[in-house]
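The values are calculated or read from the model by the stated rules, or taken from the named source; none is laboratory data. None of these values were measured; they are calculated from a predicted model. Cβ placement follows ideal geometry from the backbone for every residue including glycine, while neighbour counts extend to all protein chains displayed. The area values use the complete protein model at the heavy-atom level, side chains included, leaving out ligands, DNA and RNA. Shrake-Rupley method; radii C 1.70, N 1.55, O 1.52, S 1.80 Å.
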Amino acid sequence: MKKIVLAYSGGLDTTFCALHLSKDLGYEVHAVLINTGGFSDSELLEIETRANGLGVASFTALDVTKTYYQEVLKFLVFGNVLKNATYPLSVSAERILQAKTLAEYAKKIGAKSVAHGSTGAGNDQVRFDMIFQTIVPDIEIITPIRDLKLSREQEIDYLKKHGVTMNFEKAKYSINKGIWGTSVGGKETLSSNQTLPEEAWPTQVNKTGAEELTIGFEKGEINAVNGIRFQNPVEAILKVQELAAPYGIGRDIHVGDTIIGIKGRVGFEAAAPLIIIKGHQLLEKHTLTKWQTFWKNQLSEFYGNHLHEGHYLDPVMRNMEAFLESTQEFVSGTVKVILFPYRFQLVGIESSHDLMASKFGSYGEMNKGYTGEDVKGFTRILGNQTAIFHQVNHHEEN
C-alpha cells in the first residue's frame, strides 16, 4: 500500500480527500494538521476523532505557531504588509509554512506522495505545488478536488453517501483559521455584489462601547499589551485578538488578482493583525526617516506580493527580510488605540526615539534648529533648477 501524507484541517475538502484517498484510491493516508495558531485543544481533539473515523493510518498535529511568527509574520509586521491596502495575507502567509512543514514531514516518514485539498480555481494549489516541487521535487502530488473538478455540494453528497456526519450547513463556507486571521469563503464571495451573512463570521460581535488598548513594541516586535509584557510575541498577538475580535474589528472582504490570472474575493476577520500593523506603522512614522520609510514601502509591497504568490523560497526574500529587520532598530515604544464596534482609532505613540521631539521645534509653530535666513537660502537652492527651467523656457516662448 502506497504511503501518502495529506494536508488535513478537518474541513470539508480535506475530509473528502482523506476518505477518497483511502477508500477509492487505496492509499495509506497519514493526515497531518499544521497548526499555525488557529485551533484550541478541544478543536484538535474533535478533528483527530473525525480523521480516525475516516480510516486514516495516522493523524498528527504539528504546532508551528512560533516558527510561523519567526520566519514569516514578524516580517509582515516590519513591512506593514496589507495586500491591496486591505488584506493581511491571513491565508497565503500560513500556506507557505504549512507546505514547507508538510514536505519535510513526508521526507521524514518516507512517503512518496503528498496530497492537499486545493481546488483548481484558487491560489493555494500554486503555493503548495511550488513548495513541494522545490523541497521534495521527486514526490507525487495528488489533488483530488482539483483533479475531479468537484463542487462543495458534490463533496457533501459523497460524504453523506459514505455515512460521514459533520455540520454540512457550516461546511457550505470554507473557513481557514490561523493566528494571522481567519478567511471565510462561500457563495456570497463568488459574486461581486454580496457580503457574508452574520452567521458566516466565526467570531460573533458581543462587545459594545469603547475600550482603550495599549500595545508595546521593541525593535518592531510586539512585546506588551495593556502594560503586560510577553516573552513570546505570539502570546501578545493572541491577547490583542482576544480583546478586539468580539468588537467585530477586522472584518472585510478582499478583492484581488489571483496567481492564476482571475479576480477573486474572500472574506476575512483579522482584528489583531490589522491593529498591530496599523499601530506599528504609526510608530514608524515617528521613528523612521523619510527615506527609510520610502524604500521600506517599495520593498514591502514587493515582499508581500512575492510571498502571496508562493515565492517564499526565492533567495531575494531573505535579502529583503534583512533590510526590513535593519530598519527596526529604533522602532520601540507604546501605541495607544481605542476599540469600538467594527472599528478602531489610533490615538498616538510614546517613544524615546520619537523624531517629533519638541527640542527641535514644533511643526507649524516654532523652529529651534535653524533661523529664518537659513530657510530663505535653503528654499532658493532647493527650487533653483525648477526656477531656471521656467525662466529659460518662458524666455524662448516670448
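For the stretch 1-59, the set of trypsin sites (Lys or Arg not before Pro) satisfying both a DSSP loop assignment and a count of at most 15 other C-beta atoms within 10 Å is given as 2.
Under 26 Å of direct C-alpha separation, and excluding same-chain neighbours fewer than eight residues apart, residue 239 reaches these lysines: 66, 74, 83, 177, 207, 219, 278, 285, 336.
So, counting K/R as plus one and D/E as minus one, what does the shell of residues with Cβ under 15 Å around residue 68 add up to?
Local charge sum for residue 68: -1.
Out of the GluC sites (Glu not before Pro) in the stretch 78-169, which ones are loop residues according to DSSP with at most 16 other C-beta atoms within 10 Å? Here the GluC sites (Glu not before Pro) that fit, given the DSSP loop and packing criteria, are 169.
Grab the beta carbon distance between residue 154 and residue 104, set R0 = 22 Å, and tell me the FRET efficiency rounded to 0.05. Intermediate results must be reported in sequence, preceding the final value.
Details: r = 33 Å, r/R0 = 1.48.
That gives a FRET efficiency of 0.10.
In the elastic network of the chain, a GNM with C-alpha springs shorter than 10 Å, the most mobile of 159, 25, 274 is 25.
Normalising the Debye intensity of the chain to I(0), with uniform scatterers on Cα atoms only, and taking log10 at q = 0.07, 0.10 Å⁻¹ returns -0.40, -0.73. Counting only residues at least eight positions apart within a chain, or on another chain, the aspartates and glutamates with an alpha carbon under 18 Å from that of residue 187 are 13, 153, 155, 157, 169, 198, 199, 252, 269. Available extension along the chain between residue 224 and residue 66 is 55.2 nm, counting 0.36 nm per residue and deducting the alpha carbon span.
Averaged per residue, the chain has 51 square angstrom of accessible surface, using a 1.4 angstrom probe with ligands and nucleic acids left out.
With θ taken as phi - 60° and the Karplus curve 6.51 cos²θ - 1.76 cosθ + 1.60 applied, the whole-hertz 3J(HN,Hα) list for the stretch 384-394 is 5, 5, 5, 5, 4, 4, 5, 5, 5, 6, 5 Hz, x standing for glycine and proline.
When the accessible area of the chain is computed with all protein chains present and a 1.4 Å probe, what percentage of it is carbon and sulfur?
Working: 10640 of 20310 Å².
Of all accessible area on the chain, carbon and sulfur atoms account for 52 percent.
At full extension, residue 298 and residue 168 could sit 42.4 nm farther apart than now, given 0.36 nm per residue minus the alpha carbon distance.
Loop-only check: which trypsin sites (Lys or Arg not before Pro) in the stretch 90-175 are DSSP coil with at most 12 other Cβ within 10 angstrom?
Working: sites: 95, 100, 107, 108, 112, 127, 146, 149, 152, 160, 161, 170, 172; in loops: 112, 149.
Sparse-neighbourhood loop trypsin sites (Lys or Arg not before Pro): 149.
Among 109, 381, 262, the residue with the largest mean-square fluctuation in a Gaussian network model of the chain, with springs joining Cα atoms closer than 10 Å, is 381. Highest mobility in the GNM of the chain, judged by mean-square fluctuation with C-alpha springs under 10 Å and restricted to 120, 267, 110, is found for 110. All other residues whose Cβ lies under 13 angstrom from that of residue 3 are scored, Lys and Arg at +1 and Asp and Glu at -1, for a net of +2.
Here is how the number arises for the chain: DSSP H runs of 4 or more residues each give -39500 (n - 2.57), the sum is divided by the residue count, and the result at 222 nm is -12500 deg cm²/dmol. Here r is the Cβ-Cβ distance between residue 278 and residue 133 and R0 is 41 Å; the resulting FRET efficiency, rounded to 0.05, is 0.65.
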